[in-house]
Amino acid sequence: MIRTMGRPSTREKLLDCAEQLFAEHGLEGVSLRAINAEAGLSPAALHYHFGTQQALVEALLERHMPKLMERRRRMLDDLEARQTRPAAREVLLALVSPLADFLAEGGAQALRYLRLIHRLQADGDLDPGFVVERWPGGVDRLLPLLMGATPSLPRSVVEHRLGLAIDVMLRSLAEGPAPQGGDLGAHVRALLDFLTGAMEAPATGDPS
């Protein structure tokens, strides 16, 4: 049977519903049965297409993470190819810009994805090691560049601040002005001002 043009497949419908529910309630707050029900499908549909919750989450991440990491990789390539050492703000721009551009281009769907990422991160369900292993060359390259931009700071301080910067960035973009309802550009500039100031601040103690 031929599907109507533009109508989402069963798999995409399940992913859309899972993305929305996980973003709102977290992994622990949503059963596979609830996702099937939200999608208007039989209780066996999600198991048939994904098998486990872990496989479902990986499929959700796979929807946009490769494109986001590729954008970040290109920006980091440009920074590393320069003759002069990049400033902290330029490195942080490579952290923030791919997500901000994605949000500006993707509207409500992109916002839903960022809210999912933020929820997974906040709940401790987004394993950084898994992300780096699956999509290398992105986040793992930020630390040495930031260390070069802030040579007076110990590695442990820069590493800790980068983790805080990622947390703040995700929350800010997931809960900040929508692309159509607010000035996203001004929001991103303010976010970069904040993150840069925090990254470059003198250390008052080792976080470890």
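The values are calculated or read from the model by the stated rules, or taken from the named source; none is laboratory data. The model shown is predicted, which means the values in this text are computed figures rather than measured ones. Note: ideal-geometry Cβ built from the backbone for every residue, glycine included; neighbour counts use all protein chains shown.
If you take the residues of the stretch 30-50 that are within 14 Å of residue 13 (Cβ to Cβ) and of a type in the set (S, T, N, Q), which of them is surrounded by the most Cβ atoms within 10 Å (Cβ to Cβ)?
Only one residue fits best here, namely 36.
Residues that are under 19 Å from the mean Cα position of the chain (by Cα), at pLDDT 90 or above, within 30 Å of residue 141 (Cβ to Cβ) and part of a helix (DSSP H, G or I): does the stretch 22-41 have at least one? Please lay out each step first, then the result.
Restricting attention to the stretch 22-41, the residues satisfying the condition of being under 19 Å from the mean Cα position of the chain (by Cα) are 22-27.
In the following step, the residues that additionally are at pLDDT 90 or above were identified as 22-27.
Still in the list and also within 30 Å of residue 141 (Cβ to Cβ): 22-23, 26-27.
If we keep only those that are part of a helix (DSSP H, G or I) too, we end up with 22-23.
Yes, the stretch 22-41 contains at least one residue that is under 19 Å from the mean Cα position of the chain (by Cα), at pLDDT 90 or above, within 30 Å of residue 141 (Cβ to Cβ) and part of a helix (DSSP H, G or I).
Under the condition of being free of Cβ contacts under 8 Å to residues at least 24 places away in the same chain and among the small types (Gly, Ala, Ser), which residue from the stretch 159-175 is farthest from residue 103 (Cα to Cα)?
Ranking the qualifying residues of the stretch 159-175, first place goes to 163.
Would you confirm, using the coordinates I've provided, whether residue 156 is loosely packed, with under 13 Cβ neighbours inside 10 Å and either in contact (Cβ under 8 Å) with a residue 12 or more places away in the chain or touching a strand residue (DSSP E or B) at 6+ places or on another chain (Cβ under 6 Å) (or both)? Reasoning before the result, please.
On the way: loosely packed, with under 13 Cβ neighbours inside 10 Å: yes; either in contact (Cβ under 8 Å) with a residue 12 or more places away in the chain or touching a strand residue (DSSP E or B) at 6+ places or on another chain (Cβ under 6 Å) (or both): yes.
Yes.
If only one of 143, 99, 114 is over 14 Å from the mean Cα position of the chain (by Cα) and assigned by TED's automatic domain parsing to the domain that holds residue 173, which one is it?
It is 143.
I need the helices (runs of 4 or more DSSP H) fully contained in the stretch 77-165, keeping only those with at least 1 residues that are farther than 28 Å from residue 202 by Cα.
Details: elements: 88-122, 128-134, 142-149.
Once the helices (runs of 4 or more DSSP H) in the stretch 77-165 are filtered for at least 1 residues that are farther than 28 Å from residue 202 by Cα, what remains is 88-122, 128-134.
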